[in-house]
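Accompanying notes for the structure given below.
The values are calculated or read from the model by the stated rules, or taken from the named source; none is laboratory data. This one's a predicted model, so the numbers in the text were calculated from it and none came from an experiment. A quick note on method: Cβ atoms are made from the backbone with ideal geometry, for glycine too, and the neighbour counts reach across all protein chains shown.
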Amino acid sequence: MLDQDTCARPVIVTFPAQVTTANAEQAADQIGAAFTPGVSVVIADLTRTACRDRGAIRYLLKAHRKAAVRGRQVRFAICPGGPLHRSPTWPTSIRCSRSTPPSSTP
């Protein structure tokens, strides 16, 4: 049987409508703070966030790298066709995938 502490649910951190260099460090700190004991996955909800600033994106990616070094994951949730997905500053090295809810079977 799996220990519940090792199977903690991901924590979702929702971001404001606009992330700029001025507030990006605080946004990255929110990601780091979400890693409470037992949490290994944080989902950065950027589905309604516009970010046209390379400096701001660097802060978010830095939080991603810091988590990875510690064996944790930061997953970025963005809307296909949304403001961040269309951003020319979003790195092409970050793959955008769409998850489809499983179909219900009778």
Quick check on my filter: what residues within the stretch 30-47 are touching a residue at least 24 places away in the same chain (Cβ under 8 Å), within 16 Å of Ala67 (Cβ to Cβ) and within 13 Å of the chain's Cα centre (by Cα)?
Ile31, Gly32, Phe35, Ser40, Val41, Val42, Ile43, Ala44, Asp45, Leu46
Every residue in the stretch 59-85 that is in a loop (DSSP other than H, G, I, E, B) and modelled with pLDDT under 90, please.
Ile78, Cys79, Pro80, Gly81, Gly82, Pro83, Leu84, His85
Could you go through the stretch 36-58 and let me know if any residue there is part of a strand (DSSP E or B), buried (at least 16 other Cβ atoms within 10 Å of the Cβ) and at pLDDT below 90.
yes
Run Val11 past the list (1) crowded, with 19+ Cβ neighbours inside 10 Å; (2) modelled with pLDDT of 90 or more and report the number of the one that doesn't hold.
(1)
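Mind checking which residues of the stretch 20-35 are in a loop (DSSP other than H, G, I, E, B) and within 21 Å of Gly55 (Cβ to Cβ)?
Of everything in the stretch 20-35, just one residue is in a loop (DSSP other than H, G, I, E, B) and within 21 Å of Gly55 (Cβ to Cβ), namely Thr20.
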Near pairs, Cβ below 9 angstrom, 6+ apart or cross-chain, from the stretch 68-91 (within 21 Å of Gly55 (Cα to Cα) and exposed (fewer than 11 other Cβ atoms within 10 Å of the Cβ)) to any residue that is acidic (Asp, Glu) and modelled with pLDDT of 90 or more:
none
